[in-house]
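Taking it in order: structure first as structure tokens, then the write-up.
Taken together, the values in this text are just the output of simple stated rules run on the coordinates, not laboratory data. Small disclaimer: the values here were computed from a predicted structure and weren't measured. Please note: Cβ atoms are built from the backbone with ideal geometry, for glycine as well, and neighbour counts cover all protein chains shown.
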Amino acid sequence: MITGNPFGDAGCQSDDQCTAGTQGRCLEFHGGPAICECTYDECVHDATCPSGKTCACHGSPYAYGGNACIQGDCRVDADCGAQGFCSPSLGPMSCGLLSGYYCHTNVDQCTDDGDCAAQGGAACMFSTTSKRWECVVPTYSGCPV
């Protein structure tokens, strides 16, 4: 299963070779030479994740590999109150991977990446420190290439 490192168990050529876990998939990851690896589901739905986490399904925005339990403060828009809504966020040092699902509120500095366009490569991300969405320039040092 991939949560933070997309270059773990490399070497598969088809889904039928991925038998070490639930719903094995052989996926190709890019960056340097193409690498294929097996990924597995960690969860089936939100209820199978610990409290405070949601099940990010295979194919969700910024999610790679199998279903994974991801941090956050919401699972659906209704969790965010009458004026709020729930969105996926990258993390500033997450190597382009999903960091969690968080509510947008009236204290946010941005709603989407378009609000950050004037800030030279910044993206709208949820800050777990200030508990709001902010324009942040992602750091990719230490990420696999």
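Residue-wise, which Karplus ³J(HN,Hα) couplings in Hz belong to region 66-79, taking 6.51 cos²θ - 1.76 cosθ + 1.60, θ = phi - 60°, and x for glycine or proline?
For region 66-79, the Karplus-derived couplings read x, 4, 9, 7, 10, 4, x, 10, 8, 10, 9, 3, 4, 5 Hz, x marking Gly and Pro.
Name the residues whose placed amide hydrogens come within less than 5 Å of the amide hydrogen of Phe85, ignoring near sequence neighbours (fewer than 5 apart) on the same chain.
Sorted by chain and number, the residues that satisfy this are His104.
Which part of region 66-88 falls in the paramagnetic zone of Lys131, meaning amide N under 20 Å from the point 7 Å along Cα-to-beta-carbon?
Residues 71-88 qualify, since their backbone N sits under 20 Å from the label point.
Non-local amide H neighbours of Leu98 (under 5 Å, H modeled in plane, Pro and chain starts lacking H): which ones?
Sorted by chain and number, the residues that satisfy this are Ala63, Tyr64.
So between Gln83 and Gln119, what do we pick up on full extension, going 0.36 nm a residue minus the alpha carbon distance? Mind dumping the intermediate values first?
On the way: separation 36, 0.36 × 36 = 12.96 nm, distance 2.65 nm.
Full extension of this stretch gives 10.3 nm more.
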